[in-house]
1. How large is the dipole of the chain about the Cα centre if only Lys and Arg carry +1 and Asp and Glu carry -1, each at its Cβ, rounded to the nearest 20 debye?
2. LYS76: which lysines have alpha carbons under 19 Å from its alpha carbon, excluding same-chain residues fewer than 8 sequence positions away?
3. Give me the one-decimal nm value for the distance between modelled label points at GLN153 and GLN110, 7 Å along each residue's Cα-to-Cβ direction.
4. Name the shape class, rounded, prolate or oblate, that the alpha-carbon gyration tensor gives for region 70-177, where a ≥ b ≥ c are the square roots of its eigenvalues, rounded holds for a/c under 1.5, and otherwise prolate holds if a/b is larger than b/c and oblate otherwise.
5. Quick check: with the 1.4 Å probe, what order do GLU88, GLU231 take by accessible area, largest first?
6. Students often forget the sequence filter, so: which lysines lie under 24 Å Cα-Cα from LYS265 once same-chain residues fewer than 8 apart are removed?
7. Determine the shape class of region 270-315: with a ≥ b ≥ c the square roots of the Cα gyration tensor eigenvalues, call it rounded for a/c under 1.5, and otherwise prolate if a/b is greater than b/c, oblate otherwise.
8. Please give the charge dipole size of region 150-289, origin at the Cα centre, charges +1 on K and R Cβ atoms and -1 on D and E Cβ atoms. Round to the nearest 20 debye.
Amino acid sequence: MKRLVSGIKPTGSLTLGNYIGALRQFVKLQEELIDTEFFIFIADLHAITTPQERQALKKNIKSIAALYIACGLDPKKVNLFVQSEVQEHATLGYIMESTAYVGEMERMTQYKDKKGKQTEGIRTSLLTYPALMAADILLYDADIVPIGDDQKQHLELTRNLAQRFNNLYGDTFVVPEGFFPKTGARIKSLTEPTKKMDKSAENPKAYILLLDDLNQVKNKIRSAVTDSDTEIRYDLKNKAGISNLLTIYASLTDISIKEIEEKYKNSSYKEFKEDLANIVADTLAPIQEKYNEIISSPYLDEVLDMGREKASLIARKKIFKVYKRMGLGRIK
Ligand code: TYM
């Protein structure tokens, strides 16, 4: 049996980028990979690398859990759990910090970006967080890790740390492979289409949240920045805005970009955007409906309890093995 692991940080509401780059992939893979165990979690320990308000964090944890299910993850097939409820993540995180070098952490582009935006009170964990991410993955001997492009460097580091640990202490961890969507691994901002779609952008028109009001969603697509040309053509360098919209269209419909270009070759940007606005709204409508159904139900807690039990069982065994390999504690 193979294993798949992935997670999402509960720092605010999820975006269409998270959906296309991650959630939608999880759901597809759940149907395709029948010989694989899934461990999908809410990465709350990662959220506290930057300040979080207590009530908001609690709310976001529950909200992501509900969105996982609302987007189509089946708790019978997938173990869904909250990262901090499985203590071994933090334990192995420390061991990974004791495997990684400071220079490696300082080279992570996400750290450099985030550090650049913040001048004071940068938390140590913002620097060491990729070690925790490595732990999240290696704890379950994951073979496959579905992620968006922005996490590629962290996955490379994870692979290096697994290999380094195996060389130092003997074969202990599976070296995981990343899985990136064919289209949509990097959804861009709707207002600045050279940047990643990110909920921390100042202008809310830059991103679509999965729980945004659907009229607002349509308006955000209609007002997305494009160029002064009229041709609907994929050209990342010269037509970043329209290319991003084509990517969103292709990701949500599973129609190739070539076919979409062909379909709209005699249409205006306005017509194309109108169709896309409807496609996005039609994708989000059933997700929101299901979300509202389950967000306050005891079912959500039952699912997360079950997930935690299953994950803990595997994690405990793995830590035992790691301690033994390293000579920690009194394990013979
Ligand atoms: P996070 O919470 O920032 O993002 C969650 C997932 O969404 C993807 N993503 C995107 N994909 C395409 N276009 C975008 N604009 C976009 N924005 C986000 C991310 O690539 C990611 O797959 N460190 C991770 C969470 C994590 C994790 C793990 C993931 C913690 N431990 C172990 C995999 C395995 C993070 O902060 O992702």
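The values are calculated or read from the model by the stated rules, or taken from the named source; none is laboratory data. All values reported here derive from a predicted model rather than from experimental measurement. Note that each Cβ is placed from the backbone with ideal geometry, even for glycine, and that neighbours are counted across all protein chains shown. Remember, those area values only see protein heavy atoms, side chains included, never the ligands or the DNA or RNA. Shrake-Rupley method; radii C 1.70, N 1.55, O 1.52, S 1.80 Å.
1. Working: 49 positive and 45 negative charges, 194 e Å.
Dipole about the Cα centre, nearest 20: 940 debye.
2. Excluding near neighbours in sequence, the set is LYS2, LYS28, LYS62, LYS290, LYS310.
3. 1.0 nm
4. It is oblate, given that a/c is not under 1.5 and a/b is not larger than b/c.
5. Values: GLU88 30, GLU231 90 Å².
Order by accessible area, largest first: GLU231, GLU88.
6. The reachable lysines, counting only those whose Cα sits under 24 Å from LYS265, are LYS182, LYS188, LYS218, LYS220, LYS237, LYS239, LYS273.
7. Numbers: a/c = 8.31, a/b = 2.54, b/c = 3.27.
Here region 270-315 falls in the oblate category.
8. On the way: 21 positive and 22 negative charges, 74 e Å.
In debye, rounded to 20, region 150-289 gives about 360.
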